[in-house]
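In what follows, a structure is listed as structure tokens, so that the remarks can point back to it.
Read-outs throughout are calculated quantities, based only on the coordinates presented, and are distinct from any laboratory measurement. Not measured: the values here are computed from a predicted model. As a convention, Cβ positions derive from the backbone with ideal geometry for all residues, glycine included, and neighbour counts pool all protein chains shown.
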Amino acid sequence: MKLDVKSVSAGYGGKLVLDGVDLTVPEGGILTLVGANGSGKSTLLKVIGRLLEPRAGEIVLDGRAIRSYGTTELARKMAILPQLHHAAGEITVGELVGYGRFPHRRGFGQLSADDRAVVDETLKLTRLEPFRNRPVGTLSGGERQRAWIAMTLAQQPRFLLLDEPTTFLDVRCQFDIIELVCDLNRRLGITVLMVLHDLNLAARCSDILVTLKERKIRHIGTPAEILRPEILRDIFGIEAEISTGTDGIPYCIPTGSVKEDQR
Ligand SMILES: Nc1ncnc2c1ncn2[C@@H]1O[C@H](COP(=O)(O)OP(=O)(O)OP(=O)(O)O)[C@@H](O)[C@H]1O
């Protein structure tokens with residue numbers, strides 16, 4: 001499902017964070033936003049996910065302005081996993097994933113047989129079956145993150161927004177989450193827009209990387225086009241060595257920081 005961000009400006013109080021941002025997320029693609037802390041990545045995701053009203057411009061999903069969608073109608077097409085989600089300590093993993101069915105349900109009663117089938121399938125896909133009856137509060141950080149992702153997947157969106165889905169996870173879990181996202185993209189054709197801090201993970205799973213700086217999009221390109229010393233110097237203020245793995249995917253090793261006057 002294609003998404004267009006058209007001349008979007010957004011901010012908080014007197015602070016403008018995004019100024020006339022244009023971006024297209026192509027249908028079936030994985031596009032990842034990278035940039036320094038505070039560069040506006042989460043703000044852009046929030047505007048797209050309708051958690052924050054833009055000051056100007058508009059977002060078009062599947063040919064229609066997102067502000068024209070009803071809440072349930074939008075939730076059937078798009079799911080968002082914000083950076084900080086509320087601790088759902090008491091409820092079980094199965095219940096949490098069941099909440100993802102809300103846009104598809106007719107009333108507030110029990111889940112239908114169809115809903116339960118989707119929950120079962122999602123638990124299997126995210127390898128959370130053994131945790132189904134565990135309260136979310138008793139899970140490790142990585143398991144909990146998987147449970148939240150499972151909830152967004154149970155929503156069966158065509159477009160997925162993920163803000164830093166790998167934060168707090170160990171290296172293995174980070175790979176697991178990224179592989180899961182790639183798998184969903186490949187097998188189910190879900191279009192993904194996410195924020196990742198880890199450039200090497202981002203390069204591994206994204207079709208397109210987008211950098212943000214000074215309220216604007218600074219670069220758009222394939223991982224090989226973005227993982228370049230001059231771009232990393234500009235965006236992050238780091239010196240880095242770039243190589244290509246045997247699988248053809250570029251990766252970078254930061255080797256130092258750039259002095260402010262040399263950026
Ligand atoms: N609710 C808010 N109220 C006021 N300012 C905010 C709010 N949320 C974010 N900001 C500010 O807006 C700017 C952009 O924040 P945003 O969270 O979009 O950046 P980010 O690129 O996602 O950062 P990070 O990599 O640290 O998650 C920052 O300067 C931040 O302090």
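By how many degrees, 0 to 90 and rounded to 10, does the Cα axis of helix 171-188 deviate from the longest principal axis of the chain?
Rounded to the nearest ten degrees, it is 70.
Applying a 10 Å radius around every beta-carbon, put 61-68, 223-230 in order of their mean neighbour count, most first.
So the order, starting with the most tightly packed, is 223-230, 61-68.
For the chain, what's the radius of gyration and Dmax over Cα atoms, in angstrom?
Just the Cα atoms of the chain yield Rg and Dmax of 18.9, 63 Å.
Which distance in nm do the two modelled labels at Phe102 and Asp62 give, with both placed 7 Å along the Cα-to-Cβ direction?
It works out to 1.9 nm between the two label points.
Between Glu241 and Arg127, what length comes free when the chain is fully extended (0.36 nm per residue of separation minus the Cα-Cα distance, one decimal in nm)?
Length gained between Glu241 and Arg127: 37.4 nm.
What does the highest-first list of 144-155, 41-52 look like by mean Cβ count within 10 Å?
So the order, starting with the most tightly packed, is 144-155, 41-52.
Roughly what % antiparallel, to the nearest 5, for the DSSP beta bridges in region 114-263? Please report the intermediate quantities before stating the final value.
Details: 12 of 17 bridges.
The antiparallel fraction comes to roughly 70 percent.
Can you tell me how much longer the chain between Glu260 and Tyr12 gets when fully stretched, taken as 0.36 nm per residue apart minus their C-alpha distance, in nm with one decimal?
86.6 nm
Report the FRET efficiency, 1/(1 + (r/R0)^6), for Lys213 and Phe175, where r is their Cβ-Cβ distance and R0 is 25 Å, rounded to 0.05.
0.35
What 222 nm value per residue comes from the helices of the chain, counting each DSSP H run with n ≥ 4 as -39,500 (n - 2.57) and dividing by all residues, nearest 500 deg cm²/dmol?
-9500 deg cm²/dmol
Under a Cβ-Cβ cut-off of 15 Å, what is the net charge of the residues other than Val47 that fall near it, where Lys and Arg count +1 and Asp and Glu count -1?
Details: positive: Lys6, Lys15, Lys41, Lys46, Arg50, Arg55, Arg67, Arg215, Lys216; negative: Asp4, Asp19, Asp22, Glu53, Glu58, Asp163.
Taking every Cβ under 15 Å from that of Val47, the sum is +3.
Starting from the exponent 0.38 and prefactor 2.2 Å, build the expected Rg for region 183-263 from its residue count and divide its actual Cα Rg by it. Numbers along the way, then the final one.
Working: Rg = 13.7 Å, N = 81, 2.2 N^0.38 = 11.7 Å.
Working it through for region 183-263, the quotient is 1.17.
Please compare each pair in Lys15/Lys259; Lys6/Lys259; Lys77/Lys216; Lys46/Lys124 to a cut-off of 32 Å on the Cα-Cα distance and tell me which ones are over it.
On the way: Lys15/Lys259 27 Å; Lys6/Lys259 35 Å; Lys77/Lys216 27 Å; Lys46/Lys124 29 Å.
Those over the limit are Lys6/Lys259.
Within 10 Å, count the other beta carbons around each residue, average over each peptide in 206-219, 243-256, and list them highest first.
Result, highest mean Cβ count within 10 Å first: 206-219, 243-256.
If you average the C-alpha positions of region 93-157 and of region 164-191 separately, how far apart do those two centres end up, in angstrom?
17
At what distance in nm do the modelled label points of Leu51 and Ala36 sit from each other, each positioned 7 Å from its Cα along Cα→Cβ?
2.4
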